[in-house]
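The values are calculated or read from the model by the stated rules, or taken from the named source; none is laboratory data. Please read these numbers as outputs of a predicted model, since none were measured by experiment. Using ideal geometry, Cβ is built from the backbone for each residue, glycine included, and neighbour counts are taken over all protein chains shown. With ligands, DNA and RNA removed, areas are computed over all heavy atoms of the protein, side chains included. Shrake-Rupley method; radii C 1.70, N 1.55, O 1.52, S 1.80 Å.
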Amino acid sequence: MHTSVVGCRMSLGLLFNGLLVSVVAALLWEYSKLREHATVLEEELHMTQKSQDLTKAHIDYHLALQALHEDGTRMVCSSKMHTDRICSFDYLCYCTEADEFVFFHSNSSIMLPNLGSRRFQPALLDMSSVEDHNTQYFNFLELPTAALKFLSKPVFVPDVTFIFNRFNPDNLMHVFHDDLLPVFFTMKLYSDLDDRARLVFMEGWGEGPHFDLYRLLSNKQPLLKQQLRDLGKLICFTKSYVGVSKMTTWYQYGFVQPQGPKANILVSGNEIRQFSKAVMLKMNITRIEEVEKDAGNAGDENKKDEYIVVFSRLTTRLILNEAELMIALAQEFQMKVFKVSLEEQSFPSIVQVISGASMLVSMHGAQLITSLFLPRGAVVVELFPFAINPEHYVPYKTLANLPGMDLHYFSWRNTKKENTVGHPDRPWEQGGIAHLEKEEQEQILASQEVSRHLCCRNPEWLFRIYQDTLIDIPSLLVVLREGMKTRLSFKKSKPVSKIHPGRVRQPQCQTSVQATDKAQLTISWKIPWNVKYLKVKEVKYEVWIQEQGENTYMPYILQQQNYTFSENIKPFITYMVWVRCIFNNNLLGPFADVLVCRT
Ligand code: UDP
């Protein structure tokens with residue numbers, strides 16, 4: 001705790017800097033290095049040339065400083081659990097030298113939840129969308145506002161900022177799954193996290209190869225942790241949010257149990273597609289199919305325009321007979337076949353091609369996340385190297401199969417050892433095994449399948465997943481033909497409704513006793529309110545009848561809105577009855593309030 005106070009202490013040499021800061025702090029981007037990047041920043045810069053703006057900046061700065069001194073930090077968070085928490089802050093500060101966030105206490109500060117030392121067990125919240133990862137925890141240290149007079153003059157960030165960690169900005173799958181989607185939807189949660197919000201990446205990495213994608217999330221240039229250092233010693237965010245919603249993530253990477261789909265997936269294809277649409281709009285891309293629809297000539301004659309995309313990797317996990325594969329695809333399906341790779345095309349141009357494709361074929365790998373730009377009904381074919389079980393690595397399968405994503409996923413694996421080329425002499429992170437004991441190397445080379453394992457350094461997994469593959473074309477074509485067949489049959493069927501029934505209304509029961517051992521129970525209800533507004537193929541009702549005091553119940557499926565039960569109904573017994581509506585056999589409505597019926 002001490003180091004940070006020392007770290008942020010003002011030195012004489014910085015006095016000039018401090019003065020400068022006080023004049024233009026509200027427009028601090030003027031003298032930050034960032035201006036090179038963004039036209040928006042240029043505009044902001046332009047404004048500072050007007051003297052009244054300088055005065056305004058001066059006033060803004062003093063108001064901010066006064067607010068920080070008087071009110072300190074104010075924090076209000078969502079959720080009882082650190083893994084679901086997002087916090088909203090006024091005047092959260094960050095000491096760049098100590099690399100610590102600072103919460104300033106005054107008589108007016110707010111800290112909700114007030115966890116006491118439980119704030120460290122293990123942390124206040126996760127700073128990335130990856131759950132409970134110990135490198136991603138967020139916390140702050142506390143100081144009284146009185147300490148401000150010993151610290152460097154704060155530099156205020158006037159924008160509403162969204163502060164988080166990118167999880168692995170070098171890998172395209174991680175960029176979309178861990179950052180872009182979660183951040184996009186977290187921003188929808190808070191109305192002031194709009195186009196003008198400033199994103200701040202605190203994981204400490206450089207821009208990375210996909211920085212342009214992050215720039216699509218807001219109109220302002222994102223700030224990297226190292227750039228905060230250039231701005232000053234004590235950075236105070238006038239208004240900020242920390243924490244990322246995990247609502248859209250569908251995959252866990254195997255940190256505590258072998259990788260696989262998340263236990264409770266809460267996102268559907270609809271939201272993913274809303275996201276892709278927004279991204280494409282920002283990139284100025286219109287789906288080819290939409291252009292055609294607008295022109296009114298969509299239909300069978302466009303079949304000739306259908307095409308297949310092969311997503312190629314140029315450095316690792318290669319398809320060794322790519323040209324042969326592309327020719328085979330073109331011949332088999334009488335379609336054009338395009339090749340794309342992250343190395344050779346710009347990302348927007350890849351999205352443009354993929355957004356109109358009928359089929360995407362690729363080796364397992366991060367580039368397959370681009371299937372979220374495929375049109376509905378497209379086929380995804382993921383190829384796996386020798387000894388890798390496709391069922392154990394399913395991030396792209398899970399994505400394609402999300403309800404409403406409407407993609408057809410197929411996998412193919414190389415089962416022929418003679419068609420694989422391993423790279424034992426590469427560095428370990430690219431699957432090299434030369435550093436291992438002879439015995440372990442031999443075990444790896446002899447194994448037929450990598451067994452399930454934890455992330456991230458299993459040498460057998462890395463060796464196998466980084467093999468190059470000579471694709472056995474006849475066996476792949478068997479899979480692809482199947483894929484195309486399902487696609488065509490799907491295309492003919494109409495899209496199904498996803499709307500759930502409401503509760504049945506005015507449920508009632510009538511009872512009668514026929515004999516000492518015979519009774520009847522008549523149940524009736526009215527249709528749910530929303531049914532009359534929908535074209536539903538099949539409306540059915542489910543009735544559960546339970547004898548009071550018993551654990552089990554009898555379920556019935558009915559077409560009509562009333563029914564008289566006599567089988568298994570006994571006289572002088574109390575029955576509990578639940579009724580709900582079901583659309584098309586799979587869309588369940590809620591149960592109406594329980595009926596208590598005495599015979
Ligand atoms: N990558 C690529 N071409 C290659 C190898 C990798 O474009 O030949 C990209 C890949 O799509 C990902 C990043 O580089 O975005 C890291 O690749 P890696 O093999 O480490 O991860 P994986 O693709 O297995 O997730």
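With Cα atoms as the point set, region 376-524 shows a radius of gyration and Dmax of 26.6, 87 Å. Which residues among region 204-225 fall inside the zone where the amide N is under 19 Å from a point 7 Å beyond the Cα of ARG196, along Cα→Cβ? Correct set: 216-223. When the charge dipole of the chain is built from unit charges on Cβ atoms (+1 for Lys and Arg, -1 for Asp and Glu) and taken about the Cα centre, the candidate among PHE138, SER109, PRO209 whose Cα reaches farthest toward its positive end is SER109. Dipole orientation for the chain: of the candidates THR552, GLY377, LEU318, THR552 has the Cα lying most toward the positive pole (charges on Cβ; Lys, Arg +1; Asp, Glu -1). Think of each Lys and Arg Cβ as +1 and each Asp and Glu Cβ as -1; about the Cα centre, that makes the dipole of region 376-469 roughly 340 debye.
Put +1 on the Cβ of every Lys and Arg and -1 on every Asp and Glu Cβ in the chain; which of LEU199, ASN562, ASN585 then has its Cα farthest towards the positive end of the dipole? The residue sitting farthest along the positive end of the dipole is ASN562.
Share of region 408-544's accessible area from carbon and sulfur, percent, 1.4 Å?
Result for region 408-544: 54 percent of the exposed heavy-atom area is carbon or sulfur.
Between ASN321 and GLU449, the contour length at 0.36 nm per residue exceeds the alpha carbon distance by 43.8 nm. Put simply, the amide H of VAL310, placed in the peptide plane, has neighbours under 5 Å in PHE338, LYS339, VAL340, VAL361, leaving out anything fewer than 5 places away on its chain. I'd like the distance between the alpha-carbon centres of region 503-538 and region 100-137, rounded to an integer number of Å. Region 503-538 and region 100-137 have Cα centres separated by 52 Å. Applied to region 250-264, the Karplus parametrisation 6.51 cos²θ - 1.76 cosθ + 1.60 on θ = phi - 60° returns per-residue 3J(HN,Hα) values of 10, 9, 10, 8, x, 7, 10, 9, x, 4, x, x, 5, 5, 10 Hz, with x for Gly and Pro. Hydrodynamic estimate: the Kirkwood radius of region 205-268 over Cα pairs, inserted into Stokes-Einstein at 4 °C and 1.567 mPa s, corresponds to D of 84 µm²/s. Annotation: lysines with alpha-carbon distance below 22 angstrom to LYS246 (same-chain offsets under eight excluded): LYS80, LYS188, LYS262, LYS277, LYS397. Placing +1 on the Cβ of every Lys and Arg and -1 on the Cβ of every Asp and Glu, with nothing else charged, gives region 453-504 a dipole about its Cα centre of roughly 660 debye. Starting from the Cα gyration tensor of region 87-244, take the square roots of the eigenvalues, sort them a ≥ b ≥ c, and report rounded, prolate or oblate (rounded when a/c is under 1.5, otherwise prolate if a/b is larger than b/c, else oblate). Since a/c reaches 1.5 and a/b is larger than b/c, the shape of region 87-244 is classed as prolate. Pairwise inverse Cα distances across the chain, averaged and inverted, put the Kirkwood hydrodynamic radius at 28.6 Å.
In angstrom, the C-alpha Rg and Dmax of region 477-599 are 19.7, 70.
Between GLU343 and LEU112, the FRET efficiency from the beta-carbon distance, with R0 = 51 Å, is close to 0.55. Would you please classify the overall shape of region 314-389 from the alpha carbon gyration tensor, given that a ≥ b ≥ c denote the square roots of the eigenvalues, rounded means a/c under 1.5, and beyond that prolate means a/b larger than b/c while oblate covers the rest? Rounded. What separates the Cα centres of region 221-272 and region 433-498 is a distance of 29 Å.
Taking a label point 7 Å from the Cα of LEU189 along the Cα→Cβ vector, which residues of region 251-275 have an amide N closer than 15 Å to it? Once the point is set 7 Å along Cα→Cβ of LEU189, 266-267 turn out to lie under 15 Å by backbone N, inside region 251-275. Using 19 Å as the cut-off for backbone N distance, which residues of region 455-479 belong to the label zone defined by a point 7 Å from the Cα of GLU439 along Cα→Cβ? 459-460, by backbone N distance to the label point. Placing +1 on each Lys and Arg Cβ and -1 on each Asp and Glu Cβ, with no other charges, gives the chain a dipole about its Cα centre of roughly 1880 debye. The trypsin sites (Lys or Arg not before Pro) of region 118-208 that DSSP puts in a loop, and whose beta carbon has at most 12 other beta carbons within 10 Å, are ARG196. What is the sum of charges around GLN121, taking Lys and Arg as +1, Asp and Glu as -1, for the other residues whose C-beta is under 15 Å from the C-beta of GLN121? Computed value for this residue: +2.
The candidates ASP517, ASP179, arranged from most to least accessible area with a 1.4 Å probe in the full protein assembly, appear as ASP517, ASP179.
Evaluate E = 1/(1 + (r/R0)^6) for ASN551 and LYS526, where r is the Cβ-Cβ distance and R0 equals 41 Å; express this FRET efficiency to the nearest 0.05. The calculated FRET efficiency here is 0.85. The loop-placed GluC sites (Glu not before Pro) in region 323-372, going by DSSP, that have at most 16 neighbouring Cβ atoms within 10 Å of their Cβ come out as GLU343, GLU344.
Counted over region 142-275, the DSSP beta bridges are approximately 15% antiparallel. Coupling constants for region 413-418 follow from the phi torsions by the Karplus curve (6.51 cos²θ - 1.76 cosθ + 1.60, θ = phi - 60°), and in residue order they are 10, 6, 9, 9, 4, 5 Hz; glycine and proline get x.
Run through the DSSP bridge list for the chain and note the antiparallel percent, rounded to the nearest 5. Expressed as a percentage, antiparallel bridges in the chain total about 55. Applying a DSSP loop filter and a limit of 16 other Cβ atoms within 10 Å to the chymotrypsin sites (Phe, Trp or Tyr not before Pro) in region 440-548 leaves TRP529. Most simply put, region 67-122 has about 70% antiparallel DSSP beta bridges, counting only bridges with both residues inside it.
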